[in-house]
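Please read the structure below before turning to the comments.
The values are calculated or read from the model by the stated rules, or taken from the named source; none is laboratory data. Every value quoted in this text rests on a predicted model; they were computed, and no experiment measured them. Positions of Cβ are generated from backbone atoms using ideal geometry, with glycine treated the same way; all protein chains shown enter the neighbour counts. Side chains are part of the model used for accessible areas, which takes the heavy atoms of the whole protein and leaves out ligands, DNA and RNA. Shrake-Rupley method; radii C 1.70, N 1.55, O 1.52, S 1.80 Å.
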Amino acid sequence: MCTEKTSRVRFYLFLVGVVLTLSGAYGVVPMVSSLNVEEAIGSLTLAIGYAIAIPSTFLVPTVAAALGVRAVVVIAATCYLLFVLGNVYTAYYTLIPAAVFFGVGDGWYWSSGSIVANNFAVEISKNEPGTYEKRRRLFTGIFFAASHTGTVFGSAASVVFLFVDRQLSGRSNFTTNRDFSFCGANDCQDPNITLANIEQYTPAFVATRYSLIAFLAGLILIAVILYRVSLPVEARHEVGKTTNTSSDITTTPSNDDAAATANQDSTPFQVMAKSLKSTLKLLITPKQLLIMWLAIYGGMTLSFFNGEITRAFVSCVLGVDKVGVAVILLASGEAMTAYVGGKVNSKYGRNYPFAFAFVLDVSSYVVCLNWQITENTTWVIYILSFMFGISDGLWQSQTNEMYGSFFRDDNKQALVAWNIMYEVGLATQFAISKALCVWQKIYLQIALMAVAGILYSVAYYIFLWRLREEKISENRTGPSSNHILTISERL
């Protein structure tokens with residue numbers, strides 16, 4: 001049995017692996033639409049990738065039950081590695097396979113990573129009864145903070161490589177005497193305009209691209225080694241199990257526990273069928289149908305930044321070498337608010353972080369629509385990047401935690417459902433990338449955010465009466481009646 005100290009060390013090693021994995025993968029993702037801007041191949045690549053991530057996410061519980069969560073994390077990181085290598089050259093025969101690998105990697109990584117963070121919360125809280133719920137919320141925030149920190153390092157690497165490229169090529173000043181009328185909210189991906197300004201989107205030397213890809217791929221290789229060290233391989237159903245057995249929840253077996261026990265005597269096909277049935281059943285529950293729009297909006301917002309802000313605002317105005325700077329600001333805001341949001345959530349709930357993210361996004365969209373781009377106001381891009389980062393850090397971590405709280409008795413399926421909805425948002429935004437101008441997508445974002453906020457409020461107040469009726473406390477130490485309303489039903 002692992003001591004608390006050993007568990008913490010393993011958790012920290014896992015977080016280092018998360019940082020390295022996302023450094024490699026998301027050091028490339030924000031640049032895909034710029035590096036492969038011709039014929040919008042980059043946006044198509046990400047659209048296909050995120051679309052594939054949706055069905056691949058359904059397999060996470062099955063593979064975790066059969067092989068263990070460690071195997072899922074390692075396979076996902078390997079798929080990220082192949083995606084990064086696929087961006088070494090702009091062509092359909094390299095980018096379409098890369099999109100497939102990205103879809104599997106992204107679909108598996110976020111679900112399994114969330115499960116691992118929850119498992120560590122379970123493991124560490126066993127020695128301190130009554131602390132699981134607080135640790136679960138905190139560890140969720142830490143996991144996402146580490147993820148966004150990885151994006152910072154990956155983007156910093158791209159900044160260095162592309163800065164050297166620009167200096168050696170003499171393409172160091174793009175903003176002098178330029179027409180910005182086709183940039184920003186007015187960008188409609190006109191192919192003629194794109195070709196006329198292709199130097200804005202690509203490195204000057206092909207060696208720069210090769211070197212950057214090789215460096216980022218190396219980071220993911222190191223991460224795979226760390227996963228094998230930090231994540232246990234024993235008792236697969238225990239590793240994949242996400243329910244807490246400490247007394248602050250309940251002593252009644254959960255659906256995940258029952259499923260794990262049943263899976264031991266089932267064939268792989270039966271396990272897959274049961275897992276798929278459980279996930280589909282959760283997806284059509286009234287609570288899920290009401291809260292899923294926040295997760296979809298969160299996914300669309302992140303892809304709006306990675307696909308539209310990086311191309312239409314950053315590359316178009318400042319050049320591709322500044323994409324990394326913008327993404328660093330985005331990820332810095334994400335990491336900060338993911339951690340702070342987890343702390344706030346553990347004390348006051350998620351509604352305050354949600355409200356703050358809502359106000360911040362509305363402000364960002366207003367700036368995007370009304371900003372008149374000039375040579376003297378290009379700094380606004382960096383402010384926008386940080387603002388989107390602050391809000392996205394909250395949307396990701398808080399919607400993930402929201403699913404864990406709403407469906408506490410089916411935690412594994414809930415985290416998979418969250419990832420599916422998030423991937424739906426990511427895929428949708430990239431799928432419509434070429435069909436709409438940026439200003440039209442902004443209005444779509446505003447409308448979706450408003451609808452998602454209203455439906456979440458409905459879900460919150462419909463089920464709030466349960467908490468009042470049962471007078472549930474987060475520090476409850478055991479059942480005192482035949483029917484226990486657990487923390488899982490907290491909103």
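In this entry, ILE96 passes the filter for residues that are closer than 26 Å to GLY298 by Cα and either in a helix (DSSP H, G or I) or not hydrophobic (A, V, I, L, M, F, W, C) (or both). Note on the range 265-356: enclosed helices (runs of 4 or more DSSP H) holding 3 or more residues that are buried (at least 24 other Cβ atoms within 10 Å of the Cβ) and at pLDDT 85 or above are 286-304, 323-348.
Listed by first and then second residue, the pairs linking a residue in the range 286-298 that is in contact (Cβ under 8 Å) with a residue 12 or more places away in the chain and basic (Lys, Arg) to a residue that is in a helix (DSSP H, G or I) and surrounded by 20 or more Cβ atoms within 10 Å (Cβ to Cβ), with Cβ atoms under 8 Å apart and 6 or more places separating them unless they lie on different chains, are LYS287/PHE406; LYS287/ALA459. For GLU4, the conditions (1) at pLDDT below 80; (2) open to solvent by less than 10 Å² (accessible area, probe 1.4 Å); (3) more than 28 Å from LEU318 (Cα to Cα) are fulfilled apart from (2). Could you tell me whether ALA77 is under 17 Å from the mean Cα position of the chain (by Cα), outside any loop (DSSP other than H, G, I, E, B), of a type outside the set (Asp, Glu) and buried (at least 22 other Cβ atoms within 10 Å of the Cβ)? Judged against the criteria, ALA77 is a match.
Please work out if GLN413 is open to solvent by 10 Å² or more (accessible area, probe 1.4 Å), in contact with a helix residue (DSSP H, G or I) (Cβ under 6 Å, 6 or more places away or on another chain) and part of a helix (DSSP H, G or I). Give the derivation first.
Numbers: open to solvent by 10 Å² or more (accessible area, probe 1.4 Å): yes; in contact with a helix residue (DSSP H, G or I) (Cβ under 6 Å, 6 or more places away or on another chain): yes; part of a helix (DSSP H, G or I): yes.
So GLN413 fits the description; yes.
Within the range 279-310, the residues that satisfy the criterion of being touching a helix residue (DSSP H, G or I) at 6+ places or on another chain (Cβ under 8 Å) and hydroxyl-bearing (Ser, Thr, Tyr) are THR279, TYR297, THR301, SER303, THR310.
The sole residue among GLY103, GLY107, GLY154, GLY113 that is at negative phi, modelled with pLDDT of 85 or more, touching an Asp or Glu at 6+ places or on another chain (Cβ under 7 Å) and surrounded by 24 or more Cβ atoms within 10 Å (Cβ to Cβ) is GLY107. Here TYR92 fulfils each of the conditions (1) over 20 Å from ALA427 (Cβ atoms); (2) open to solvent by 40 Å² or more (accessible area, probe 1.4 Å); (3) hydroxyl-bearing (Ser, Thr, Tyr); (4) over 18 Å from the mean Cα position of the chain (by Cα) apart from (1). Total residues in the range 416-432 satisfying the condition of being touching a Lys or Arg at 6+ places or on another chain (Cβ under 9 Å) and buried (at least 23 other Cβ atoms within 10 Å of the Cβ): the figure is 1.
Do we find that LEU95 is touching a residue at least 24 places away in the same chain (Cβ under 8 Å), of a type in the set (A, V, I, L, M, F, W, C) and closer than 30 Å to VAL122 by Cβ in this structure?
Values: touching a residue at least 24 places away in the same chain (Cβ under 8 Å): yes; of a type in the set (A, V, I, L, M, F, W, C): yes; closer than 30 Å to VAL122 by Cβ: no.
Judged against the criteria, LEU95 is not a match.
Total residues in the range 363-404 satisfying the condition of being hydrophobic (A, V, I, L, M, F, W, C) and in a loop (DSSP other than H, G, I, E, B): the figure is 3.
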